[in-house]
Amino acid sequence: MPIGRVAVVGGSITGCAFALAAARGGAEVTVYERTTGELADRGVGIALHVDRYVELQAAGYIDDSTPWRNVVARKWLVDDGSSARGRLLWDQSAAFRMYNWGQLWQGLRRRVPAEVDYRGGTPVTLGADGEVVLPDGTREHYDVVVGADGYGSAVRTALFPAAVPQYAGYTMWRGSCAWEHEPLDDLISVCIPNGQGVMYRIPDGAGDRMSWGLYSAVGGTDNPRPALLALARKHFPPFWADLVTATPESETLIQPINDLVVDAYTSGRALVAGDAAAIARPHVASGAVKGIQDAVAFETACRAVGRDGSWDDVLARYQAERRPAGADLVRVARAMGYAMVEDTPDWTVMTPERMVDWWAAQHADDGFGGHALGASIGTGESVNR
Ligand SMILES: Cc1cc2nc3c(=O)[nH]c(=O)nc-3n(C[C@H](O)[C@H](O)[C@H](O)COP(=O)(O)OP(=O)(O)OC[C@H]3O[C@@H](n4cnc5c(N)ncnc54)[C@H](O)[C@@H]3O)c2cc1C
């Protein structure tokens, strides 16, 4: 890695992974995170495909000390009144590790070396000259600025003002509640008209929680709570509906679903990463994977360039690998969203054979759970079709 100072804007999953990547290369690293401690409390679930986990473990970004719950199958269910848990449409094999978001973040945060200056409670912006602008107006110069500041990224806005997240036309409620039943190792997909419920077990202290999400175009923007309860009661099998309706409002959040692709991942000496760089609909289950992979690619580029190389070379290598990967993930996620929410089939007539064809038509296996690290992706241009 060239010698220098690196600023990371955002200290969430992508930000911590970049701080680790840059510190390993010997850079002097400062992380600016606007929040003060709330990140550890995010109690929703986050999925890591087992194959992606193996790659990230080998790269030294995660290990078994962070608790997870196993998923070995995805059970697609529909409510036809025949049983409390619904009728099984398809038992699809799946291989995921399911994490508690806060615990996954804490594991990454612990890996950030003590010499990294992690400044919580510090919202910053990127000045026109590429300097980091602190809340008191102080300007700090760095050799590289990493925009790991999420879907509303201030760094991305400064670099690429025309790149604005595009609302997909539907929302997702998320929540989690105590799970006191069997040690379920299924990813549950509840199929509803123009929507989808997703549920899986995550660790939580000594017990388990059921992390759930409900995608729907109905009622997300106004009166969200009554709309959520009505949707669950009307379309979910009663057992799963009870979990959603029993989750207190204080533990439920609503998230608009967006797509975003940027034309470039770098500009001058700044780069964007994670959700700041590409927003893929959550159907593709790879938000955390993508952010950590961006950091691994940055570290790989730094090592390839070496101490006598230039930061410009590092940034060019980073962009060449990660922009196509991000754009392709957005493309796959959009196709999945179309099939699972925007144009759903009549679930009641689906059979396992039809479900296989329906899944194949989404090309979901091309990206579900994230691409392999370093996979050859092409240009990703077809995303803007
Ligand atoms: C509300 C919400 C719920 C989610 N739930 C899930 C889920 O259940 N499952 C799942 O798989 N994925 C979920 N995701 C997505 C997932 O968290 C991300 O894909 C993944 O964590 C990688 O994100 P990131 O680190 O790039 O960005 P984020 O996790 O969004 O982090 C960005 C960080 O930057 C900080 N920041 C923003 N602006 C500034 C600034 N100007 N200065 C300093 N700091 C700044 C923010 O405080 C935040 O900590 C969720 C995202 C959101 C926004």
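The values are calculated or read from the model by the stated rules, or taken from the named source; none is laboratory data. Bear in mind the structure is a predicted one, so any value in this text is a computation, not a measurement. Cβ sites come from the backbone with ideal geometry, for glycine too, and all protein chains shown count toward neighbours. SASA here: full protein model, heavy atoms, side chains in, ligands and nucleic acids out. Shrake-Rupley method; radii C 1.70, N 1.55, O 1.52, S 1.80 Å.
Values as computed for the structure displayed
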quantity	calculated
Beta bridges per DSSP with both ends in the chain, % antiparallel, nearest 5	75
For the stretch 348-360, Karplus couplings with θ = phi - 60° (6.51, -1.76, 1.60), whole Hz, Gly/Pro x	5, 9, 6, 10, x, 5, 5, 5, 4, 5, 4, 5, 4
Accessible area expressed per residue, the stretch 237-338, with surrounding protein chains retained (probe 1.4 Å, Å²)	33
E342 accessible area, assembled protein chains, probe 1.4 Å, Å²	80
Of all accessible heavy-atom area on the chain, the percent that carbon and sulfur account for (1.4 Å)	51
Crossing angle, helix 287-305 versus the chain [Cα axis fit, 0-90 degrees, rounded to tens]	30
Karplus 3J(HN,Hα) series, Hz, for the stretch 21-37 with 6.51 cos²θ - 1.76 cosθ + 1.60 (x for Gly, Pro)	4, 6, 5, 4, x, x, 6, 8, 10, 10, 10, 10, 10, 6, 8, 10, x
Per residue accessible area in Å² of the stretch 138-222, where ligands, DNA and RNA are left out and the probe is 1.4 Å	38
Ordering of 116-124, 324-332, 242-250 by packing [mean C-beta count within 10 Å, highest first]	324-332, 116-124, 242-250
Relative contact order (percent, whole number), the stretch 176-318, Cα cutoff 8 Å, 6+ residue spacing	15
For R209, distant residues with modelled amide H under 5 Å away	W179, I202, D204
Value of [θ]222 nm, deg cm²/dmol, for the chain, DSSP H segments ≥ 4, -39500 (n - 2.57) each, nearest 500	-9500 deg cm²/dmol
Cβ-derived FRET efficiency at R0 22 Å, A316 paired with A162, nearest 0.05	0.50
Charge context of A276, other residues only, Cβ under 9 angstrom, K/R +1, D/E -1	-1
Surrounding net charge for R5, when Lys and Arg each add one and Asp and Glu each subtract one, Cβ distance under 9 Å	-3
Gain on full stretching of the segment that runs from E251 to T35 - 0.36 nm per residue minus C-alpha separation	75.9 nm
0 to 90° range, to nearest 10: angle between helix 101-111 axis and the chain longest Cα axis	30
Residue-normalised accessible area of the stretch 10-118, expressed per residue, 1.4 Å probe, Å²	39
Between the stretch 210-276 and the stretch 1-66, the Cα center-to-center distance that results, in Å	24
Vicinal HN-Hα couplings computed from phi for the stretch 236-244 (Karplus, 6.51 cos²θ - 1.76 cosθ + 1.60; Hz; Gly/Pro x)	8, x, x, 4, 6, 4, 4, 5, 5
Neighbour net charge for L231 - beta-carbon separation under 12 angstrom, K R +1, D E -1	+2
Taking the chain and dividing mean pair separation by its residue count, relative contact order in percent (alpha carbons under 8 Å, at least six apart)	22
Under-5 Å amide H pairs with V8, H placed in peptide plane, nonlocal only	T30, V31, Y32, V146
Protection proxy ranking, peptides 294-303, 90-99, 183-192, average beta carbon neighbours within 10 Å, highest first	294-303, 183-192, 90-99
